[in-house]
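To keep things clear, I will list the structure first and then write my remarks on it.
The values are calculated or read from the model by the stated rules, or taken from the named source; none is laboratory data. Note that the coordinates shown come from a computational prediction; the quantities given were computed from them, not determined experimentally. In this analysis, Cβ positions are derived from the backbone assuming ideal geometry, glycine residues included, and neighbour counts consider all displayed protein chains. Surface areas here come from the heavy atoms of the whole protein model, side chains and all, with no ligands, DNA or RNA. Shrake-Rupley method; radii C 1.70, N 1.55, O 1.52, S 1.80 Å.
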Amino acid sequence: MTEEEIKFRRAEFQAFSDKAVEASSSAIKGALIMNGGAAVAVLGFVSAQLSKGALPLGISDALMFFAWGVVLAVGSSAMAYLTHLATMFQIDAMLSRRWEKLSNWIKPITHFISIGVFLLSIAAFVAGSLSVKSSIDAESQHNQEDQSN
């Protein structure tokens with residue numbers, strides 16, 4: 001490879017890296033907004049139901065799933081920061097020829113933990129949504145039984 005090709009490849013890698021960081025940041029923000037918005041919606045639903053004097057069973061479980069989703073999204077953001085820090089450590093280790101083996105372990109571990117925490121945040125949203133659905137379905141069935149009696 002010529003020096004120009006190497007410079008081009010480095011610039012291409014940097015542009016790809018910047019876009020990957022931007023996309024992961026957007027995904028984490030999306031998970032935070034999704035779970036936070038769902039928690040606010042459930043709180044509004046709970047408030048409306050309490051004014052009627054009846055709270056569907058299991059609705060508090062849904063609220064907790066969304067709350068944990070928010071916590072996990074924030075944790076995912078922190079892990080993304082640690083992944084970037086590990087990347088800098090890995091680059092420094094390669095340049096200084098110190099701690100190379102350690103840095104080659106730390107970087108992928110932080111990366112996979114970050115992805116895992118993000119996916120858990122999404123799973124918490126899905127679990128919360130399913131919990132809301134089952135709570136509403138159970139309440140609807142209960143109301144139908146009361147009407148038929």
Exercise for the section: Quick one: which residue in D18, D92, D61 is part of a helix (DSSP H, G or I) and within 30 Å of D146 (Cβ to Cβ)? Expected result: D61
Exercise for the section: Check whether at least one residue in region 66-79 is in contact (Cβ under 8 Å) with a residue 60 or more places away in the chain, open to solvent by less than 90 Å² (accessible area, probe 1.4 Å) and either under 24 Å from V117 (Cα atoms) or in contact with a Gly (Cβ under 8 Å, 6 or more places away or on another chain) (or both), and report yes or no. Expected result: yes
Practice task
Could you check A124 against (1) over 27 Å from the mean Cα position of the chain (by Cα); (2) within 17 Å of V40 (Cα to Cα) and say which number it fails?
Solution key: (1)
Fill in the blank from the handout: Counting only residues in region 89-112 that are among the aliphatic types (A, V, I, L, M) and open to solvent by 80 Å² or more (accessible area, probe 1.4 Å), the one nearest to M64 (Cα to Cα) is identified as I109
Exercise for the section: Would you mention how many residues in region 22-44 are of a type in the set (V, I, T), surrounded by 16 or more Cβ atoms within 10 Å (Cβ to Cβ) and over 21 Å from N143 (Cβ atoms)? Expected result: 1
Problem - Qualifying position, being within 28 Å of A138 (Cα to Cα), of a type in the set (S, T, N, Q) and more than 21 Å from the chain's Cα centre (by Cα), among S60, S47, S103, S96 - result: S47
Fill in the blank from the handout: The lone condition A54 fails out of (1) buried (at least 19 other Cβ atoms within 10 Å of the Cβ); (2) not in a helix (DSSP H, G or I) is (1)
Exercise for the section: Identify, from the list D92, D61, the residue that is modelled with pLDDT of 90 or more and acidic (D, E). Expected result: D61
Exercise for the section: Looking only at region 103-116, decide whether some residue is polar (S, T, N, Q), modelled with pLDDT under 90 and not in a helix (DSSP H, G or I). Expected result: no
Practice task
Please go through region 33-44 and pick out each residue that is free of Cβ contacts under 8 Å to residues at least 24 places away in the same chain and within 14 Å of the chain's Cα centre (by Cα).
Solution key: I33, G37
Practice task
Go through (1) open to solvent by less than 40 Å² (accessible area, probe 1.4 Å); (2) out of contact with any His (no Cβ under 8 Å at 6 or more places or on another chain) and name the single condition A86 misses.
Solution key: (2)
